[in-house]
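Here's the structure we're looking at; comments come further down.
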Amino acid sequence: LALLRRSQVCLRDMVNTFLLLKILTREGYQCQEASNGIDALKIYQAWQPDIVLLDSQMPEMDGKEVLRRISCFEDREKVAVIVITADTNPEEIELLESLGAVAVMSKPFKPEEIKKAVSQYIGSSRTD
């Protein structure tokens, strides 16, 4: 999981996480990374990111459960959650959106789509 300050969260799959971090730090975002869903929630609470990039399949706690728990926090309305998943059937996308995801992106992701989605939801939170 990767958290960006004013920020974002993503997770899992070391190659994809490394690529996401590389793309986003190049764009000027501050990032944090979590290796599982439990750590993601801890970092979320401590760091208070502006955006979360969340892998739907994470160890210890899956992305859906992380999303459910994030949606219970008081600051939830201030944080955009983008889910990255290999499961793009319409029912899964609908479920993720009903849990609070502002966008669902398929794996493998395209760097330009990630940058566009992050800039759309993060607005002026980007660092210079």
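The values are calculated or read from the model by the stated rules, or taken from the named source; none is laboratory data. Quantities reported herein were computed from a predicted structural model and do not represent experimental measurements. SASA here: full protein model, heavy atoms, side chains in, ligands and nucleic acids out. Shrake-Rupley method; radii C 1.70, N 1.55, O 1.52, S 1.80 Å.
Here the scattering of the stretch 23-128 is modelled by Debye summation over its C-alpha atoms, one equal scatterer each and no solvent; at q = 0.11, 0.18, 0.24 Å⁻¹ the log10 of I(q)/I(0) is -0.31, -0.88, -1.59.
Rolling a 1.4 Å probe over the heavy atoms of the protein chains gives the stretch 77-123 an accessible area of 56 Å² per residue. Classify the stretch 12-79 from the C-alpha gyration tensor, please: rounded if a/c falls under 1.5, else prolate or oblate depending on whether a/b exceeds b/c. Cα axes put the stretch 12-79 in the oblate bin. A probe of 1.4 angstrom, applied to the heavy atoms of all protein chains, finds GLU33 with accessible area near 90 square angstrom. Find how many whole Å separate the alpha carbon centroid of the stretch 15-62 from the alpha carbon centroid of the stretch 78-113. First find each Cα centre; the distance between them is then 14 Å. Extension gain, THR25-GLU65: 0.36 nm per intervening residue step, less the Cα-Cα distance, totals 11.7 nm. Remark on ILE84: its backbone amide H falls under 5 Å from those of LEU54, ASP55, SER56, MET105, a criterion applied only to residues 5 or more positions apart or on other chains, H modelled at 1.01 Å from N.
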